[in-house]
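Novice: Submitted below is the structure of interest, expressed as structure tokens.
What follows draws every value from the coordinates through simple rules; no lab data is involved. Bear in mind that the values here come from a model prediction, so they are computed numbers and not experimental data. Every residue, glycine as well, gets a Cβ built from its backbone with ideal geometry; the counts of neighbours run over all protein chains shown.
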Amino acid sequence: MDFKQIIAEDLSTQLSEHLTINEIYNLLEKPKNTEHGDLAFPAFQLAKVFRKNPAEIASDIADDFSSDIVDKVDVVGPYLNFYLNKGTISAEVLKEIITEKGDYGNTDFGAGKNIPIDMSSPNIAKPMSMGHLRSTVIGNALANILEKMGFQPIKINYLGDWGTQFGRLITAYKLWGEEEKVRANPIAELNELYVRFHEELEKEPELEEVGRSWFKKLENGDKEATELWRWFREESLNEFNIVYDRLGVSFDSTNGESFYNDKMDEVVELLEEKGLLVEDQGAQVVRLEDYDLQPALIKKQDGATLYITRDLAAALYRKRTYDFDQSLYVVGQDQIYHFTQLKAVLAEMGYEWEADIHHIIFGLISIDGQKMSTRRGKVVLLEDVLDEAAVRAEKQINEKNPNLENKDEVAEQVGVGAVVFHDLQHDRRNDFNFNLDEIVQFEGETGPYVQYTRARALSILKKANIDASYFESEKEFALTDDYSWTVIKLIQSFSSTLERAYREYEPSVIAKHALRLAQAFNRFYANVRVLDENPERESRLALVYAVALMLEEDLRLLGVQAPDEM
RNA sequence: GUACCUGUAGCUCAGCAGGAUAGAGCAUUCGCCUUCUAAGCGAACGGCCGGGGGUUCGAAUCCCUCCAGGUACGCCA
């Protein structure tokens, strides 16, 4: 239920001559301070029309105000402060979430429309870094959010599985590689070969030419080159999948860069047909002066295509294949220029749907103030971070709850949860400097804090010896104390939170909801006895159950697992 | 040089579709386990909201400008 809407309607009976319900709705605000009630209406704006001072207006409105869900209206200066009827609302909210469970907050807003999400996109033969974590978990969380909003998300892992670097890699493998070593430890070994290539290149610049020729062979379908490439790809993907499993992420498509290899001629032809392709310094470009942008380089002097050519092909392919409502690209903020150009070229081509393409930018991670780079070896491997997190979680369990049965499993859920939650709890645009101790934190505003809170809630239900069916009666659960009320209001606010997360493509909004709810519940937990014999026992149990459901759903949306005990 | 992003407590960040005394977490100090998991709760300490100007009844929030940091700007992706 949307009590803001109800109050806006109730106010409208007095104000309809001056303000629409929508305007009233937008003026209503949640007071920062709980002493100012549950909802407030500032009367400043009415001062002009009524030609009275706002305080008087507020007082006049209050005199004639009545609403079924409002207990009391306070006038404080120019503000009307509404105090809602806690009993009615808590009963309604609890009933709703307990009935709907994981479906609580679902909408059909998206009407099943497709939204491909370009995400993760690691490079074959290179390890996944913390940078890939960001794209992966943000993309995954957005997919969950979109699905809950009624859309059909399509998670696409746009693998970096093509390009001149594979010529270099094949060269390195032919010179220094050993099959057994690669089989034993594919990505580490291949990456080492790649790094070595760049080291040797300093001494032997002609290696560059060898690399180029191997890539040429690969492009021409040379048997040896193709087999090596396919092998590298397969081994890499197998290793990636281990990480994806740990993160609980799966994909609907792994069409990477190589997939579009034979689809780029069409793009070039289309651009030619439309007269957009011009020669400039031997290269083929699309001019974008009208957009205040540098020309987009479609073909190099040597005729080879480029990043943007491939992305154009991918954009066209996705539009045709999915007829998307929106197309999202979860890619770092360092590629803003690229996507601006991409959209501009599509606009030039006359595709109005370029407006539906959204670059979901995220901030970059640096190490010691330096940008991460595989080439310079300045990179933090995702797997190492997950491992370390799980180890620390296990240590924590041994201290706090040594008798826990499935320690390993829980340590993995808590450790990985900490890493994922840490990534998702801040505005995705924020850059951050890598700091393991900060990421693998178990106290305060963290993933484990939310998980722990839910485990405590479940523990109460377990002690009460009840299960979900206990709540399926026609009983009415109502609570009026302040601790419960704060919890109820947070559960009630989930819909608008979800809506905002969708509108801003911002998973952190959900993470904050989880944290605030966990906080509110822990206060409730510390101050309100549930299991003692008391007249509100049933309602309190219902609240505990509702919190467990809500936290689980918040965490699920973020892609974080929720252990029942920890 | 141009464009974009960022600048809020010692640190990490909320708040920014303008509103009532600027909020969390971490760190520091102190308190709370014979009662539902102390990975918890409470208290204290901590702020020219980068500087300056403007719009407004009202600005951390909007506009301008300056300063500082980051990123990107044609043959990598």
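Novice: Could you go through the range A:384-400 and let me know if any residue there is assigned to a strand (DSSP E or B) and buried (at least 20 other Cβ atoms within 10 Å of the Cβ).
Specialist: No, the conditions are met nowhere in the range A:384-400.
Novice: With the checklist (1) of a type outside the set (Val, Ile, Thr); (2) within 30 Å of residue A:69 (Cα to Cα); (3) in contact with a Pro (Cβ under 8 Å, 6 or more places away or on another chain) in hand, flag the one item residue A:475 doesn't pass.
Specialist: Looking at each condition in turn, residue A:475 falls short on (3).
Novice: Now, a different point. Do we have residue A:471 as more than 21 Å from the chain's Cα centre (by Cα) and more than 7 Å from RNA strand B (Cβ to nearest atom) here?
Specialist: Values: more than 21 Å from the chain's Cα centre (by Cα): yes; more than 7 Å from RNA strand B (Cβ to nearest atom): yes.
Yes: the conditions hold for residue A:471.
Novice: Now, a different point. Taking residue A:431 and the conditions (1) within 20 Å of residue A:246 (Cα to Cα); (2) surrounded by fewer than 20 Cβ atoms within 10 Å (Cβ to Cβ); (3) of a type outside the set (A, V, I, L, M); (4) near RNA strand B (Cβ under 7 Å from one of its atoms), which numbered condition does it fall short on, given that it satisfies the others?
Specialist: Exception for residue A:431: condition (1).
Novice: For the range A:492-509, which residues satisfy the criterion of being assigned to a helix (DSSP H, G or I) and either within 17 Å of the chain's Cα centre (by Cα) or without any contact (Cβ under 8 Å) to a residue 12 or more places away in the chain (or both)?
Specialist: A:494, A:495, A:496, A:497, A:498, A:499, A:500, A:501, A:502, A:503, A:508, A:509
Novice: Considering only residues of the range A:13-42 that are in contact (Cβ under 8 Å) with a residue 40 or more places away in the chain and part of a loop (DSSP other than H, G, I, E, B), which is farthest from residue A:84 (Cα to Cα)?
Specialist: Filtering first and then ranking leaves A:31.
Novice: I'm trying to understand the selection: among the residues of the range A:384-419, which are over 24 Å from the mean Cα position of the chain (by Cα) and under 14 Å from residue A:441 (Cα atoms)?
Specialist: A:391, A:392, A:394, A:395, A:396, A:397
Novice: Still on this structure, please answer the following. So residue A:189 passes all but one of these: (1) farther than 24 Å from residue A:136 by Cα; (2) of a type outside the set (Gly, Ala, Ser); (3) touching a Lys or Arg at 6+ places or on another chain (Cβ under 7 Å). Which condition number does it fail?
Specialist: (1)
Novice: Let me ask you something else. Do we have any residue at all in the range A:511-523 that's assigned to a loop (DSSP other than H, G, I, E, B), within 13 Å of RNA strand B (Cβ to nearest atom) and surrounded by fewer than 21 Cβ atoms within 10 Å (Cβ to Cβ)?
Specialist: no
Novice: Might you let me know whether the range A:218-226 holds any residue that is part of a loop (DSSP other than H, G, I, E, B) and among the polar types (S, T, N, Q)?
Specialist: Yes; the residues of the range A:218-226 include at least one that is part of a loop (DSSP other than H, G, I, E, B) and among the polar types (S, T, N, Q).
Novice: Of the residues A:8, A:58, which is farther than 23 Å from residue A:481 by Cβ, within 12 Å of RNA strand B (Cβ to nearest atom), assigned to a helix (DSSP H, G or I) and of a type in the set (A, V, I, L, M)?
Specialist: Of A:8, A:58, the one residue that is farther than 23 Å from residue A:481 by Cβ, within 12 Å of RNA strand B (Cβ to nearest atom), assigned to a helix (DSSP H, G or I) and of a type in the set (A, V, I, L, M) is A:58.
Novice: Which residues, taken from the range A:43-55, are assigned to a helix (DSSP H, G or I) and of a type outside the set (Lys, Arg)?
Specialist: A:46, A:47, A:49, A:50, A:54, A:55
Novice: So residue A:444 fits all but one of (1) near RNA strand B (Cβ under 9 Å from one of its atoms); (2) within 24 Å of residue A:102 (Cα to Cα); (3) of a type in the set (Gly, Ala, Ser); (4) surrounded by fewer than 18 Cβ atoms within 10 Å (Cβ to Cβ); what number is the exception?
Specialist: Of (1) near RNA strand B (Cβ under 9 Å from one of its atoms); (2) within 24 Å of residue A:102 (Cα to Cα); (3) of a type in the set (Gly, Ala, Ser); (4) surrounded by fewer than 18 Cβ atoms within 10 Å (Cβ to Cβ), only one is false for residue A:444: (2).
Novice: Identify the residue in the range A:71-114 that is of a type in the set (Ser, Thr, Tyr) and over 26 Å from the mean Cα position of the chain (by Cα) and, among all such residues, is farthest from RNA strand B (Cβ to nearest atom).
Specialist: A:99
Novice: If you go through the range A:1-10 one residue at a time, do you hit one that is closer than 19 Å to residue A:60 by Cβ and aromatic (Phe, Trp, Tyr)?
Specialist: no
Novice: Criterion first (outside any strand (DSSP E or B), surrounded by 24 or more Cβ atoms within 10 Å (Cβ to Cβ) and within 16 Å of RNA strand B (Cβ to nearest atom)) does residue A:156 satisfy it?
Specialist: no
Novice: Quick one: which of A:489, A:512 is in contact (Cβ under 8 Å) with a residue 12 or more places away in the chain and farther than 27 Å from residue A:362 by Cα?
Specialist: Sole residue among the options that is in contact (Cβ under 8 Å) with a residue 12 or more places away in the chain and farther than 27 Å from residue A:362 by Cα: A:489.
Novice: Given A:540, A:529, which one is within 12 Å of RNA strand B (Cβ to nearest atom) and crowded, with 19+ Cβ neighbours inside 10 Å?
Specialist: Sole residue among the options that is within 12 Å of RNA strand B (Cβ to nearest atom) and crowded, with 19+ Cβ neighbours inside 10 Å: A:540.
Novice: Take the residues of the range A:553-566 that are among the charged types (D, E, K, R) and farther than 18 Å from residue A:138 by Cα: which is farthest from RNA strand B (Cβ to nearest atom)? Steps first, answer last, please.
Specialist: First, pick out the residues of the range A:553-566 that are among the charged types (D, E, K, R): A:553-554, A:556, A:564-565.
Now drop any that are not farther than 18 Å from residue A:138 by Cα, which leaves A:564-565.
Values: A:564: 7, A:565: 4 Å.
The extreme case among them is A:564.
Novice: What are the pairs, 6+ residues apart or on separate chains, where a residue within the range A:221-247 that is at negative phi has its Cβ under 9 Å from a residue that is of a type in the set (D, E, K, R) and in a loop (DSSP other than H, G, I, E, B)?
Specialist: From the range A:221-247, the pairs are A:229/A:161; A:232/A:161; A:233/A:161; A:236/A:126; A:236/A:161; A:237/A:161.
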